[in-house]
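Below you'll find the structure, written out as structure tokens, and then a few comments.
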Amino acid sequence: MVRARRMSGLIVVVLAVGVEAGCYTYQPVPAPTPGMDVRVRLRVEAAVRRSTEIDEPIRHVDGRVVAASADGISLDVLVARSQTVFQNIVIRDTVMFPAADLETVMRRKFSPAKTGLMVAVSGVGAFLIVKGISQIVGGNEDMPPDDGTTAIVVPAFRKPGLTGLSIPLFRFR
């Protein structure tokens, strides 16, 4: 029982780290260089002009810098992607953005602080869920001796009509 609990806890931690390890932030880049992955934020007028056939203007465009100069920036952008069992089709295009249309050029950067915070919060949440489930399923070895009093369990989640599934939020004695 203890070994299974440790294994489930380890699985939860590994999944939490895997899911939350991708926290990024965007930072302005004063002079982008070819090959750099960037996000371009367009001015409102330019976004409206470029998005005439779409309901909402597209303000952000992600891509890889092909060329950059004082006149503007050329990006290799993803246009469409299709994936089937046997093939993966990716259609890309090079798009030129004049300097007058650009509001900012930003580079995606890994954020260790955000990643650490999200992993910690996810880990604590997963621990509390596993702890609540283990109490519902059969308790744990750390139960106090029975002193003849009745415990009142206040469930955090319970759907009327279903029995056997509730996660205790508080336990009063």
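Just so you know, all these numbers are worked out from the coordinates, no wet-lab data involved. Bear in mind the structure is a predicted one, so any value in this text is a computation, not a measurement. Don't worry about glycine lacking a Cβ; one is built from the backbone with ideal geometry, like all the others, and counts go over all protein chains shown.
The distance between label points at residue 67 and residue 90 comes to 2.3 nm (points 7 Å beyond Cα on the Cα→Cβ vector). Net charge of the neighbourhood of residue 44, taken over other residues with C-beta under 13 Å away and scored Lys/Arg +1, Asp/Glu -1, is +1. The mean sequence distance of close C-alpha pairs (under 8 Å, at least 6 residues apart), as a share of the length of the stretch 44-138, puts its relative contact order at 16 percent.
Computed from the alpha carbon positions, the gyration tensor of the stretch 25-110 leads to an equivalent ellipsoid with semi-axes of 23, 18, 12 Å, biggest first.
Suppose every K and R has +1 on its Cβ and every D and E has -1 on its Cβ; what is the size of the dipole of the stretch 38-91 about the Cα centre, in Debye to the nearest 20?
160 debye
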